[in-house]
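Structure record follows, encoded as structure tokens.
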Amino acid sequence: MKGFAMLSINKVGWIEKQKPLIGPYDAMVRPLAISPCSSDIHTVFEGAIGDRHDMILGHEAVGEIVEIGDKVNDFKPGDRVIVPAITPDWRSLEAQAGFHQHSNGMLAGWKFSNFKDGVFGEFFHVNDADMNLAILPKEIPLPSAVMITDMMTTGFHGVELADIQFGSSVAVIGIGPVGLMGVAGAKLRGAGRIIGVGSRSVCVEAAQFYGATDIVNYKNGDIVEQIMELTQNKGVDRVILAGGGIETLGQAISIVKPGGVVANVNYHGSGESLPVPRLAWGCGMAHKTIKGGLCPGGRYRMEMLVNLVQHNRVDLSRLITHVFTGFNHIEEALFLMKDKPKDLIKPVVLIE
């Protein structure tokens, strides 16, 4: 089969590989729609998780099952399914402990385009199909469905980690697709003031659509100074960190109130360490909680997010700015995510 792969750090291309083999609990899936992610960019062009050779990229897909193992009970060939970016080993001790994202090792629930071929192939393998796939409802368009697999679950996880309460003031640093879902999730959770931090007009308009009450543009000056001025030098109750470089963690700590929470769902793809500003952290005694987490995956999570989309709680179509048709457009879509033109939020490639 054909696939679009990371050949080595800073190098991508099309390769031929054997079709994957499936075990008794697994499924083979043909992609119907895929989307490249900024994580793919960090992986390839920053070497964020180390060098990978001839590894098919991609972890955001919806598809059609073409083959199942003889122990799969709930799915059959021909089913159209949502495939979460995170496909854990559900029989692991980590899953039993409540951290399925790290089943059998830190970040090991993230298999696609990490240590296993991803979804940018003509076929791809899904482990533990009954626990990791969800039926794709007919009324959800393919481009929107792809957004559930990673962007929605990641942005909403930022909201969960931040423990947003009714009336909480929230800053979302980075209003790309994950941050936009952080804004949407914060509104659903009952946040009061929601400050979005970003510069591109297409993202600003989407952030306001999803519930941002204020916008801070980092091109207009230091975001800490701007947010502290907006809040009469009080800061915010919660920060969702969904973009930017290594400096953003320190900025988040600087703007969150004592007793507040910084929730990181940003993929920090470079640097040996992340600086914590000593004074802003109250010399270590400010009761400012810093959390970071890989998004939840699995069937139950996907079904819960589908409920929100089906019942018009979240309109995912606003995330999608570029749609291509045809397998050969995967490379073009990937480089859009790398170059981030001013009119981009997310590209989707339709395969069927």
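Within region 70-170, the chymotrypsin sites (Phe, Trp or Tyr not before Pro) that combine a DSSP coil assignment with at most 13 other C-beta atoms in a 10 angstrom radius are Phe166.
Restriction of the trypsin sites (Lys or Arg not before Pro) in region 82-119 to DSSP coil positions whose beta-carbon has at most 14 other beta-carbons within 10 angstrom yields Arg91. Under a model in which nothing but the beta-carbon of Lys, Arg (+1) and Asp, Glu (-1) is charged, region 92-230 shows a dipole of about 180 debye around its Cα centre.
In plain terms, the chain from Leu188 to Val204 could stretch by 3.9 nm, reckoned as 0.36 nm per residue minus the Cα-Cα distance.
Here the sum of -39500 (n - 2.57) over DSSP H runs of 4 or more residues, divided by the residues of the chain, equals -7500 deg cm²/dmol at 222 nm, to the nearest 500. Measuring r between the beta carbons of Gln18 and Gln165 and using R0 = 56 Å, the FRET efficiency lands at 0.65.
Label point of Met1 set 7 angstrom out along Cα-Cβ; within region 56-72, amide nitrogens under 17 Å from it belong to 56-70. Rounded to the nearest 20, the Cβ-based charge dipole of region 1-144 about its Cα centre (Lys and Arg +1, Asp and Glu -1) stands at 160 debye.
Helix 177-188 and the longest principal axis of the C-alpha atoms of the chain enclose an angle of approximately 70°. Equivalent-ellipsoid semi-axes for the chain (Cα gyration tensor, √(5λ), whole Å, largest first): 34, 20, 20. Note on region 120-181 and region 220-246: Cα centroid distance 25 Å, given to the nearest whole angstrom.
Put +1 on the Cβ of each Lys and Arg and -1 on the Cβ of each Asp and Glu in the chain; which of Pro36, Pro177, Gly69 then has its Cα farthest toward the positive end of the dipole? The listed residue farthest towards the positive side: Pro177. Think of the chain as having a plus end and a minus end, set by charges on the Cβ of Lys, Arg, Asp and Glu; of Gly243, Ala97, Val262, Val262 sits farthest toward the positive end of this dipole. The spacing between region 55-78 and region 286-339, judged by their C-alpha centroids, is 19 Å. Of the residues Leu249, Leu133, Leu274, the one that moves most in a GNM of the chain with alpha-carbon contacts below 10 Å is Leu274.
The charge dipole of the chain, taken about its Cα centre with unit charges on the Cβ atoms of Lys, Arg (+1), Asp and Glu (-1) only, comes to about 680 debye. Beyond 28 Å in Cα-Cα separation lie the following of the pairs Lys19/Lys342; Lys116/Lys346; Lys111/Lys338; Lys19/Lys71; Lys71/Lys138: Lys19/Lys342.
For region 71-82, backbone phi angles converted through the Karplus equation (6.51, -1.76, 1.60; θ = phi - 60°) give residue-by-residue couplings of 9, 7, 9, 9, 9, 8, x, x, 5, 8, 9, 8 Hz, Gly and Pro being listed as x.
Where a number appears in this text, it was derived from the coordinates with a stated rule and is not lab data. Small disclaimer: the values here were computed from a predicted structure and weren't measured. Here Cβ is always computed from backbone atoms with ideal geometry, including for glycine, and neighbour counts include all displayed protein chains.
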